[in-house]
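Taking it in order: structure first as structure tokens, then the write-up.
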């Protein structure tokens, strides 16, 4: 929204103010003679001083109108100024109607005499409404501009914060391939078992040890030597040695 679209063009406002000024000048000129005559004829003022009364009334209307415009431009309600204008213009209307009647004027003449101050009051009221609408439009635009400026500041602050503290995305490594799969299908799981050692004949081991012992010591080999090598008792060693020699003799 911009000021051009939110409120009326400035030249329209100037035309309205100029028209109201012409209405005020015309109303004051037409009311001057009537108010002067009625003020002197009614004894309100001494003779020769009647012209002061319309000046006071019109000056009061002018002061109230200018003050009302000034307050409306700031968005305030000019209630006191409008009340003063209404009172003075109502007095001027009564005076003009009475002056027309004293001159023997018709009903139409009295209506015309009373309408002129009313037109001035209506013109001022219209200008005041336009002033209030323009002030409201300016306030709306100012609020929007302030909100836009705050949003821009917030975005700039967030951008600066992101630049000062960048967010680091952790590197996610792909999972290691399953070595148990190949060619798109699972390999059968074959349990690994330790090979069982074949059972050995303890007699063959004793025979080999006794053979080695006899080859080393010859005829001096005794049962105690065999018992020491095989880890048995001496008597058992003698029996094993005797059995070995019988087997050798039989062979």
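Values quoted throughout were computed directly from the atomic coordinates according to the rules given, and no laboratory measurement underlies them. Just so it is clear, the model here is predicted, and its values are computed rather than measured. Don't worry about glycine lacking a Cβ; one is built from the backbone with ideal geometry, like all the others, and counts go over all protein chains shown.
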Practice task
Pop a pseudo-label 7 angstrom from the Cα along the beta-carbon direction at both residue 238 and residue 56 and give the gap in nm to one decimal.
Solution key: 17.0 nm
Practice task
Can you pull a Stokes-Einstein diffusion coefficient for the range 1-134 at 25 °C (0.890 mPa s), Rh from Kirkwood over Cα pairs, as a whole number of µm²/s?
Solution key: 154 µm²/s
Exercise for the section: Please list 109-118, 234-243 highest first by mean number of surrounding beta-carbon atoms within 10 Å per residue. Expected result: 109-118, 234-243
Practice task
Compare the peptides 124-135, 216-227, 142-153 by average per-residue count of other Cβ atoms within 10 angstrom and give them in order, highest first.
Solution key: 124-135, 216-227, 142-153
Fill in the blank from the handout: The simple spin-label model distance between residue 106 and residue 73, using points 7 Å out along Cα→Cβ, in nm, is 4.5 nm
Fill in the blank from the handout: FRET efficiency for residue 91 and residue 156 from the Cβ-Cβ distance with R0 = 51 Å, rounded to 0.05, comes out at 0.25
Completion exercise
Taking only the alpha-carbon positions of the range 204-250 as identical scatterers, the Debye log10 I(q)/I(0) at q = 0.20, 0.28 Å⁻¹ comes out as -0.54, -1.08
Practice task
With a 10 Å radius around each residue's Cβ, average the other Cβ atoms per peptide and rank 64-72, 157-165, highest first.
Solution key: 64-72, 157-165
Problem - Pairwise FRET efficiency - residue 122 versus residue 144, Cβ, R0 = 45 Å, nearest 0.05 - result: 0.85
